[in-house]
Amino acid sequence: MSDLGSDTLKTKVRKVRALKAKALDEVRFLKSWIENPLKTGAVSPSGPALAARMASYLDVVPGARYVELGPGTGVVTKAIFDRGVSHKNLTALEYSSEFCKLLNSRYPGLDVLQGDAYALKGELEAHFGVAPDGLKAGLDGIVSSLPLLTRSEPARLALLEEAMTLLKPGAPFIQFSYGIFPPVRPSCGTISLTPSEWIWKNLPPARVWVYRRIH
């Protein structure tokens, strides 16, 4: 077989493997949603276009520290790494034990923490062994794929405000949503909110909402 024919076959094999992996992720997500719809929220993982848009809001600098909430099968995680964040600088907080195992096998060296994102400070404190406010000078970004709209408005707001205490001033809390309106409405003038354009390539179409502490 010629080199060209061999390369073509390898390309086809890679595409088949990628499609098989995507199909398996869809099955995992659907299974998780059936078992606990309020925890999973969506019936399929975020698409690569949405994931890349979310990651684009991260400023990647040496020694920075980031947290991802609800990574699921790791589509957004991959986009964060593609953005330039190293495995050692990201902590992924995931509720599902099955997804935690998948993330550990898919991204060796990633700091995977099984826990509840709605108890964010406590989970990080227990994980790192220090008060979250003492994690260096604060986090450089939080990327969230949590199904916020499955929770009450007070619970959503409490999560956002808690996250803001962990972030450096101006560092982003990045959240996607399928809705027209923001998933969390800040209750005070110390948090800014910026929406992205609609990501039409995602199914269903979604937007990214970026929250920042401005004071």
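Where a number appears in this text, it was derived from the coordinates with a stated rule and is not lab data. For clarity, every value in this text was computed on a predicted model and none was experimentally measured. Because the Cβ atoms are built from the backbone with ideal geometry, glycine has one as well, and the counts that use them run over all protein chains shown.
How long, wide and thick is segment 64-110, going by the Cα atoms along their three principal axes, in whole angstroms, largest first?
Answer, in whole Å and largest first: 27, 16, 16 Å.
Counting other Cβ atoms within 10 Å, keep those with at most 13, restrict to DSSP loop, and tell me which chymotrypsin sites (Phe, Trp or Tyr not before Pro) in segment 62-170 are left.
Hits after loop and neighbour filter: nothing returned.
Does segment 85-215 come out rounded, prolate or oblate by the C-alpha gyration tensor, with a ≥ b ≥ c the root eigenvalues, rounded set by a/c under 1.5 and, if not, prolate when a/b is larger than b/c and oblate if not?
It is oblate, given that a/c is not under 1.5 and a/b is not larger than b/c.
If R0 is 25 Å, what FRET efficiency do you get for GLU197 and GLU162 from their C-beta distance, rounded to 0.05?
About 0.30, to the nearest 0.05.
With labels modelled as points extended 7 Å from the Cα through the Cβ direction, what inter-label distance (nm, one decimal) is found for ALA155 paired with ARG106?
Label at ALA155, label at ARG106, 2.4 nm between them.
7 Å from Cα along Cα→Cβ at both SER86 and VAL61: what's the point-to-point distance in nm?
Distance between label points: 1.7 nm.
Is segment 83-124 best put as rounded, prolate or oblate by its Cα gyration tensor, with a ≥ b ≥ c the root eigenvalues, rounded for a/c under 1.5, and otherwise prolate when a/b is larger than b/c, oblate when not?
It comes out oblate by the Cα gyration axes.
Across segment 143-156, in residue order, what do the Karplus-derived ³J(HN,Hα) couplings come to in whole Hz, using 6.51 cos²θ - 1.76 cosθ + 1.60 with θ = phi - 60° and x for Gly and Pro?
10, 10, 10, 5, x, 4, 6, 7, 10, 5, 4, x, 5, 5
Grab the Cα-Cα distance for GLN114 and PHE128, subtract it from 0.36 nm times how many residues apart they are, and report the gain in nm with one decimal.
Separation in residues times 0.36 nm, less the Cα-Cα distance, equals 3.7 nm.
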